[in-house]
Structures are given as C-alpha cells and as structure tokens.
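Peer 1: Here's a structure for you.
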Amino acid sequence: MPEADRSQPKFCVSLSAIEDIPEAHIRHPLNPASDVFLKRLSPVAGLRRIGLYIARVPPGKESFAYHRHERTEEFILILSGRGRAEIGDDVFEVGPGDFMGFTAPGAAHHLTNPYEDDLVYLMGGERSNLDIGHFPKLGRHIIFGPSGINAVDDASLRPMTFKDWTRE
C-alpha cells in the first residue's frame, strides 16, 4: 500500500500529529499582558469555514483582550489547567471540561491565567471575510476584512442613519 500524501488534509488527526504541530506565539496588540501559544488544527484537517486551535496561556498571562465579535461566533473548551473567565459583568473560575459559547453579537469575554500551571483550551469559531471586534473597556474597534486589519477609536465613530444619505 503506498504511503499517504502528508500534504493532504486528514479526516482523523492523531494525538502525536497534533503534538508535532508547531505553536504560533501570539500577543494581542491591545493587551500587553496577552501571551498565547496556538496550534492551528483547521488546516491539518482541511477545514476552511471554521478556525480551530489549541491555545496555551502560561501562568500569570492573559489570552487576548476583553472583546466581543459582531459577526463570528466562537467557543472555548478548557482542556487542562485553571483560569478566570470574564464574561459580561461576571468573573468566575474555569477548569477542565468547562465550555463557553459566544454568539455574535454577544457578551464580551476574556480569559486570564493567574495560576501556576498552563491554561490549555480548544478554541474555535466561524471564519468570516468581514468581522468587527469590539473592545468596550478600551474604547476601540478592530475591523477585519479582505483589505486588512484596521483599528479605530470609538471617539472617531459617528452614528449614521438613512436620513444622512438622502438630501431633501
């Protein structure tokens, strides 16, 4: 039997293959305490419409920044370690087996790891060619689109209505 083409996506990815996926080191530009290591699972399995990652947050660090999405739903499943989840106005401890799902639009959320062990979780969500990240504590928005990633301060946003487009 011929050896499988390793460049082709797999329907079933072994634990050893997942362990061999290199980690990408990510630090959110709006949070100096952000320190996340990601393993991208989607490309290995050939997934194009969802993003799927194993994330690891070292002790004393944070995931990204307190945020919510306008268009893309996402989820988190804690695999190991403990952390603190801030969702809306609530903060609570999370640990292995805890699941969080975030609708779009929905509640703002954020994970921190104030404990001594790595916080490891499965994270995923929809891929969209356009999304807006809202950062309510920072007074910022990030717009993700085909032309790139752009940040804007809330103070520069101007609400508009249909009347703004008509001249009568």
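The values are calculated or read from the model by the stated rules, or taken from the named source; none is laboratory data. Predicted model only: the values in this text are computed from it and were never measured. Please note: Cβ atoms are built from the backbone with ideal geometry, for glycine as well, and neighbour counts cover all protein chains shown.
Peer 1: Sort through Pro9, Pro96 and tell me the only one that's in a loop (DSSP other than H, G, I, E, B) and at pLDDT 95 or above.
Peer 2: Values: Pro9 fails: at pLDDT 95 or above.
Matching residue, one of Pro9, Pro96: Pro96.
Peer 1: Follow-up. Considering each of Arg56, Arg127 in turn, give the residue that is in contact with a Phe, Trp or Tyr (Cβ under 6 Å, 6 or more places away or on another chain) and under 25 Å from Lys10 (Cα atoms). I'd like the intermediate steps shown before the answer.
Peer 2: Values: Arg127 fails: in contact with a Phe, Trp or Tyr (Cβ under 6 Å, 6 or more places away or on another chain).
Of Arg56, Arg127, the one residue that is in contact with a Phe, Trp or Tyr (Cβ under 6 Å, 6 or more places away or on another chain) and under 25 Å from Lys10 (Cα atoms) is Arg56.
Peer 1: While we're here: Taking region 121-136 as the search range and keeping residues that are assigned to a loop (DSSP other than H, G, I, E, B) and either hydrophobic (A, V, I, L, M, F, W, C) or in contact with a Ser or Thr (Cβ under 8 Å, 6 or more places away or on another chain) (or both), which one is modelled with the lowest pLDDT?
Peer 2: Ser128
Peer 1: Same structure, new question: Restricting the search to region 54-70, which residues are within 19 Å of Leu30 (Cβ to Cβ) and under 14 Å from the mean Cα position of the chain (by Cα)?
Peer 2: Matches in region 54-70: Ala55, Val57, Glu62, Ser63, Phe64, Ala65, Tyr66, His67, Arg68, His69, Glu70.
Peer 1: Is there any pair with a first residue in region 129-154 that is surrounded by 12 or more Cβ atoms within 10 Å (Cβ to Cβ) and a second that is of a type in the set (Phe, Trp, Tyr) whose Cβ atoms are under 6 Å apart and which are 6 or more apart or on different chains, and what are they?
Peer 2: Asp131/Phe144; Lys137/Tyr66
Peer 1: Right, here's the next one. Give the residue that is farthest from Asp117 (Cα to Cα), with candidates limited to residues of region 41-57 that are of a type in the set (Lys, Arg) and either at pLDDT 95 or above or out of contact with any strand residue (DSSP E or B) (no Cβ under 8 Å at 6 or more places or on another chain) (or both). Lay out the reasoning, then the answer.
Peer 2: Step one: list which residues in region 41-57 are of a type in the set (Lys, Arg), which gives 48-49, 56.
Subsequent filtering for residues that are either at pLDDT 95 or above or out of contact with any strand residue (DSSP E or B) (no Cβ under 8 Å at 6 or more places or on another chain) (or both) retains 48, 56.
Working: Arg48: 32, Arg56: 10 Å.
Result: Arg48.
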